[in-house]
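Derivation of every value follows stated rules applied to the coordinates shown; laboratory data play no part. Predicted, not measured: the structure shown is a model, and the values here were computed from it. Neighbour counts are summed over all protein chains in view; Cβ atoms, including those assigned to glycine, are modelled from backbone coordinates with ideal geometry.
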Amino acid sequence: MRHTTKSFSGYQIRATDGDVGEVKEFYFDDRTWAVRYLIVETGNWLTGRKVLLSPQSLLAADSVSKVFPVNLSKDQIRSSPEIDTDKPVSHRMEATLFQHYAWERYGGGGFYAGGAAGLLNVAHLPDETDTLQIPGRTVDVDLDPHLRSTERVTDYHIHATDGDIGHVNDFIIDDQSWTITEVIIDTHNWIGGKKIMLPVRHIKRIDWANFKVLAGVTSDFIRECAVFDETKLNPSTTHAS
């Protein structure tokens, strides 16, 4: 089924032996639009710590109770590597997560925890202190430049080939493939407040420096896209977007 990221916000993550926290947002790959992680707030259980969970750890969601069961124990999550989700995630951090949970690699040349493809050697990854000197700035070469949060991209302006036409309001996720299929555009200041669903295949790239999503189509094309109606996406969802 297809869901908005906002409708998933607040879903309880339920381990094999109890609840561990609530879904806050998602990390996605801006090249493939694959959802790579759920960011989970653990609340009082782990004194407010946030943890990253791969979609491959999820079992079938209960949309009525708003629960995501996972195939992990509380102890596995408690002992997982601590990652500061307020900072960019590095390849080294991801590799450590994949080794801890023995997750399979994600698409696009990601990590293996082991198996036929061979063991991931963390020692061969760049050191977290390695930097690349570029005139005017210093870049950490170990950071994943394509891993971004849905919360951060929300409110970015949508730039068509002939100008701006709204801003990002939400995202639509297919919970079978765990990919983002459309971006929901709020056109309030442009075409009367309609929310339009733009398929991600029409997006060229995300301009992080200027807070824009660059579409490869005209504003007229976007105007003709389907209007967002959450009741048609998932009738059991009552969370307003």
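Worth a mention:
- Label-point separation in nm, THR161 to ASN189, each point 7 Å along Cα→Cβ: 2.5 nm
- Where labels lie 7 Å past Cα in the beta-carbon direction, separation of ASP174 and SER65 in nm: 2.9 nm
- Near-label residues of the range 190-223 by backbone N, under 19 Å of a point 7 Å along Cα→Cβ of ASP229: 192-199, 223
- Debye intensity ratio I(q)/I(0), log10, the range 1-63, q values 0.15 Å⁻¹ (C-alpha model): -0.46
- Model label points for ASN44 and ARG152, set 7 angstrom from Cα along the Cα-to-Cβ axis, are 3.2 nm apart.
- Square roots of 5 times each gyration tensor eigenvalue, C-alpha, the range 160-213, largest first, Å: 20, 15, 9
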